[in-house]
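The values are calculated or read from the model by the stated rules, or taken from the named source; none is laboratory data. Since we're looking at a predicted model, the values are computed, not measured. When we count neighbours, we look across all protein chains shown, and the Cβ atoms used for this are built from the backbone with ideal geometry, even at glycine.
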Amino acid sequence: MSSLFGTMSVALQSLLVQQGALEVVANNLANVNTPGYSREVPILEESPPILSGNTMVGTGVTLQSVQSVRDNVLNLRIDQETSRQSSLNSYLGAMNQVQALFNETQGTGLQTDLSNFFNSFESLATDPTSSSLRQATLIAGQDLAGAFSQTSQNLATIQQGLNQSVVQTVQQVNQLTAQVANLNQQIQEVSNSRDDPGALDDQRDQALQSLSNLIDTAVIYSNDGTVSVTTTNGTLLVSGNQSDALTTQINSATGMNDVYAQGTDITSGIAGGQLQGLISARDDSVPSTQSSLDNLAASLISAVNQQQKDGFDLTGSQGADFFTPPTPSASGSNAGAAATMTVALTNPDQVAASSDGTQGDNRNATAMADLQNASIVSGQTAGEYYSNLIDQVGNNVSNATSEQEAVGLVLQQLTNQQSSISGVSLDEEAANLITHQQAYEAAARVINVVDELTSATIDMFTPS
């Protein structure tokens, strides 16, 4: 090799290596704005030297491989924070819908109807025999009952929408786990052939991040290039080129879809991602709000009906139920009280304004109005209990929003850190481009010099 032809071989190999390195740089520059792309670097190694006579002679350079620059530990942290952020996003999406049902400033909610209902009895007390005032009291009661019923139905609609989203999200999880398993197989095949699977790794990283958007994940990297994926509670999702699909099944007690893995209910164990946020809102926050609404409705119905029965109507008869008493689904349960709330009275004369049966007496109408300031539900007035209900919904939204902002800052920091490691820097690639270009030109000059020397040597031995 210590000859002109050996030098030519070294220079030619260098030419090819620098050409390969330039292709890597060009690919980086082409993908500078490609989401999820990890920059690649050419790994150059000195070719094994050989013994020429008594001297070890170098044989040039080899493009050993092309490697993608990525930090798997950092990727795992990003997936974790992505999972938390996605959970909060889906939870807030649901709870903002709930909060909108109690937006008094926008004309929704119950406060106005509650006030109008009790105020109608105050007005009736000024003229207990007035047909128009009695009619106004019935209308105020119907408006209040309708508001309770509509709000309850809206909560049920939100919950059903969340339930459908849970089913759809599980289907998306299954699509992504199947994609990760398929990419695992492709990466393993490429790695076995000693080629660089960088593009496939990028696709898998994107799929894993999308998966962490949907459900909490724990990823384990194997030496063969594949990954295993579980939930943080250990439910297997992907192993090698196999994925384990999740299923949904209706819970007979709640009517909602629970999530199953290999026949085991994992609903309560899902700890992150969009799925967790949906389940938290569907199974906890929305039912809690519905329960509070039912308790308020049931207590209000009971208090008003009792006071109505303590009085007498315009005909002198004992007062009948003002609202239709709810039928409990179970002993001690108020479930459904708001949804089924209706006015039982059909005639304005049936409003029991009198406390002794005489026409013109207003003491029972006054007592009905005073219920507005009476502790009728959990030791609180109806207004206080309703305000606490609104506060609880608002606190849930506020706390989740604050946490969302904090997680967003952490995720942004991690993403910036990932970009500094795996992202393409135009300045750095420009410098690499010049470096490999100069090396390429130098190798070409060596080839040109060897060619000239070879020609000169041939000319020396060629007869003139």
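Restricting attention to region 219-232 and to residues that are surrounded by 13 or more Cβ atoms within 10 Å (Cβ to Cβ) and in a loop (DSSP other than H, G, I, E, B), the residue that is modelled with the lowest pLDDT turns out to be 225. Among the residues of region 350-361, those that are surrounded by 14 or more Cβ atoms within 10 Å (Cβ to Cβ) and out of contact with any strand residue (DSSP E or B) (no Cβ under 6 Å at 6 or more places or on another chain) comprise 350, 351, 353, 355. A Cβ distance below 7 Å, combined with a sequence gap of six or more or placement on separate chains, defines the contacts here; from region 257-285, residues that are in a loop (DSSP other than H, G, I, E, B) reach residues that are among the hydrophobic types (A, V, I, L, M, F, W, C) and surrounded by 19 or more Cβ atoms within 10 Å (Cβ to Cβ) in the pairs 266/259; 270/215; 270/259; 270/279; 272/215. If you check residue 295 against the conditions, is it modelled with pLDDT of 95 or more, part of a helix (DSSP H, G or I) and surrounded by fewer than 21 Cβ atoms within 10 Å (Cβ to Cβ)? When the stated conditions are applied, residue 295 passes them.
Does residue 382 satisfy being of a type in the set (A, V, I, L, M, F, W, C), in the same structural domain as residue 308 (by TED's automatic domain parsing) and within 26 Å of residue 295 (Cβ to Cβ)? Judged against the criteria, residue 382 is a match.
A quick yes/no check of all residues on (1) touching a residue at least 40 places away in the same chain (Cβ under 8 Å); (2) part of a helix (DSSP H, G or I):
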{"position": "162", "(1), (2)": "yes, yes"}
{"position": "171", "(1), (2)": "no, yes"}
{"position": "174", "(1), (2)": "yes, yes"}
{"position": "177", "(1), (2)": "yes, yes"}
{"position": "182", "(1), (2)": "yes, yes"}
{"position": "191", "(1), (2)": "no, yes"}
{"position": "196", "(1), (2)": "yes, no"}
{"position": "201", "(1), (2)": "yes, yes"}
{"position": "204", "(1), (2)": "no, yes"}
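For every residue, the table says whether it meets (1) closer than 26 Å to residue 75 by Cβ; (2) without any contact (Cβ under 8 Å) to a residue 12 or more places away in the chain; (3) surrounded by 12 or more Cβ atoms within 10 Å (Cβ to Cβ).
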position: 366; (1), (2), (3): no, no, yes
position: 385; (1), (2), (3): no, no, yes
position: 393; (1), (2), (3): no, no, yes
position: 404; (1), (2), (3): yes, no, yes
position: 407; (1), (2), (3): yes, no, yes
position: 412; (1), (2), (3): yes, yes, no
position: 434; (1), (2), (3): no, yes, no
position: 461; (1), (2), (3): no, yes, no
